[in-house]
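The values are calculated or read from the model by the stated rules, or taken from the named source; none is laboratory data. Just so it is clear, the structure is predicted and the values come from calculations on it, not from any experiment. Don't worry about glycine lacking a Cβ; one is built from the backbone with ideal geometry, like all the others, and counts go over all protein chains shown.
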Amino acid sequence: MRQTQLFTRTRREAPKDEVAKNAELLIRAGFIYKEMAGAYAYLPLGLRVLNKIVGIIREEMNALGGQEVLLTALQNRQVWETTNRWSDEVVNNWFKTKLKNGAEVGLAFTHEEALTNLMRDYIRSFRDLPAAVYQFQTKFRNEERAKSGIMRGREFLMKDLYSFNVDEITHQAFYDRAKQAYLRVFDRVGLGGETYLTFASGGSFSKYSHEFQTVSEAGEDLIYVHEAKRIAVNKEVLNDEVLANLGLKREELVEKKSVEVGNIFTLGTRFSEPLGLSYKDAAGVSKPVFMGSYGIGPGRVMGTIVETHTDDKGIVWPESVAPFAVHLLALFDEAGAVKAAADTLYENLTKQGIEVLYDDRDVGAGEKFGDADLIGIPKRYVLSAKTLQKGEIEIKDRATGVVTMKALSDL
């Protein structure tokens, strides 16, 4: 991508009503556009990052045996009434609307009901199990407040996977594999060092659910971390019984603020029983399907990366999710030699399959350097009249600030 062809621009300031650091930097750097509180559009740079996060998650879900689908955002009232989750008194963040014929529908805030109802057409026998189905789907939640940028929205992308098993034993085997898949996701996107498997409230069918909490001052949760064991306990379940059950001592735990970037939990038969999702075992006996749910918000992950990977100049993207691998800056000379050399280098790098953002704008060096720091691409290549005369290019690592010189011929 040439920056002269990129329709977006960097900004000196974010909207005055924006208080979240992730949104401020992403808006200023031209990654997202704020439509309204809790609703953001992803611009070309931002969509590249989001798609890379989605790609990593997809690879790990496929490795688990997940099958990808795309369910509808519009939800059938009757299905949700079956599980008693249609009422606003039970679920207070629905977005609902009416069709022309007067029928009321909802915009999904999650998809347990919809997928459980769908799977009735495809699961009849124990031979149809196990199954794991996931999607990347826009969710809608009528949040009372939306002040955390893309980490808490009223409209947002969610990866939700649902597992279907014959019993709790086979469910638990999949659940344990899902834990490890989630840890790999957060490691691959650059959050591994700051993210902890966290024990939280489990609901009706399990003593615990598991959250994946990333330590950040922007977080709304409090967790108690055991550094050596790489686990944590959410404040909501921290008590002597839980500590004893997990083999932890209170004095070994450190309190930290954190952002929940993912969660997995056992559903059991909470949805399969009321919606009639059952299978017949080898003896022909009908039994309810045993389910689990596994969620990650790619946008929330992106926002958390920004919250935890910045300096006083801008964003510092991990290589795995950066919009481009290289930011090529050409500091033009009057003779045009630098532009010609930079054009050639850009074409050659692109032919090699290297993702390059080429700053070919006719602006000053200070503006180019400032924008490059703000945008945060991992490697910066700077070509100037001085370096060109030596047949070299300056390479700067965005994370470390280390500068090296390299022969142009080596590129």
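Structural remarks
- If the condition is being surrounded by 13 or more Cβ atoms within 10 Å (Cβ to Cβ), of a type outside the set (A, V, I, L, M, F, W, C) and under 30 Å from the mean Cα position of the chain (by Cα), then region 238-260 contributes LYS256, LYS257, SER258, GLU260.
- Single residue of VAL254, VAL316 found to be in contact with a strand residue (DSSP E or B) (Cβ under 9 Å, 6 or more places away or on another chain), of a type outside the set (Asp, Glu) and not assigned by TED's automatic domain parsing to the domain that holds ARG120: VAL316
- One residue stands out among those in region 336-347 that are in contact (Cβ under 8 Å) with a residue 12 or more places away in the chain and not acidic (Asp, Glu): the one that is nearest to TYR358 (Cα to Cα), which is TYR346.
- LYS249 vs. criteria in contact with a strand residue (DSSP E or B) (Cβ under 7 Å, 6 or more places away or on another chain) and more than 23 Å from ALA146 (Cβ to Cβ): no
- Answer residue from region 202-220, given it is closer than 21 Å to ARG152 by Cα and at pLDDT below 95 and is surrounded by the fewest Cβ atoms within 10 Å (Cβ to Cβ) among those: GLU217
- Inclusion of ASP397 among residues that are farther than 15 Å from GLN3 by Cα, free of Cβ contacts under 8 Å to residues at least 40 places away in the same chain and outside the structural domain of MET302 (by TED's automatic domain parsing) is warranted.
- Of the criteria (1) surrounded by fewer than 18 Cβ atoms within 10 Å (Cβ to Cβ); (2) more than 28 Å from GLU273 (Cα to Cα); (3) touching a residue at least 40 places away in the same chain (Cβ under 8 Å); (4) not hydrophobic (A, V, I, L, M, F, W, C), which one LYS179 fails: (2)
- Subset of region 357-373 [within 16 Å of LEU6 (Cα to Cα) and under 25 Å from the mean Cα position of the chain (by Cα)]: LEU357, ASP371, ALA372
- On the stretch given as region 348-386, residues that are free of Cβ contacts under 8 Å to residues at least 12 places away in the same chain and closer than 13 Å to LEU411 by Cβ total 3.
- Matching strands (runs of 3 or more DSSP E) fully within region 28-108 where at least 2 residues are of a type in the set (A, V, I, L, M, F, W, C): 32-36, 39-42, 104-107
- Boolean, GLN172 is assigned by TED's automatic domain parsing to the domain that holds ARG120, surrounded by fewer than 20 Cβ atoms within 10 Å (Cβ to Cβ) and closer than 30 Å to ALA322 by Cβ: no
- Cβ-Cβ under 8 Å pairs, at least 6 apart or on other chains, region 43-58 side closer than 14 Å to PRO318 by Cβ, far side hydroxyl-bearing (Ser, Thr, Tyr) and surrounded by fewer than 18 Cβ atoms within 10 Å (Cβ to Cβ): LYS52/SER320; ILE56/SER320
- Residue satisfying condition, being of a type in the set (A, V, I, L, M, F, W, C) and either over 18 Å from VAL316 (Cα atoms) or touching a Lys or Arg at 6+ places or on another chain (Cβ under 8 Å) (or both), within set LEU26, LEU70: LEU70
- Boolean, THR4 is modelled with pLDDT of 95 or more, surrounded by 15 or more Cβ atoms within 10 Å (Cβ to Cβ) and of a type in the set (S, T, N, Q): no
- Residue satisfying all of: in region 1-32; among the basic types (Lys, Arg) and in contact (Cβ under 8 Å) with a residue 12 or more places away in the chain; nearest to PRO323 (Cα to Cα) among these: ARG2
- Per this entry, GLY268 is not counted among residues that are under 14 Å from the mean Cα position of the chain (by Cα) and crowded, with 18+ Cβ neighbours inside 10 Å.
- Within region 183-228, tally of residues that are touching a helix residue (DSSP H, G or I) at 6+ places or on another chain (Cβ under 8 Å) and either assigned to a helix (DSSP H, G or I) or not assigned by TED's automatic domain parsing to the domain that holds MET302 (or both): 7
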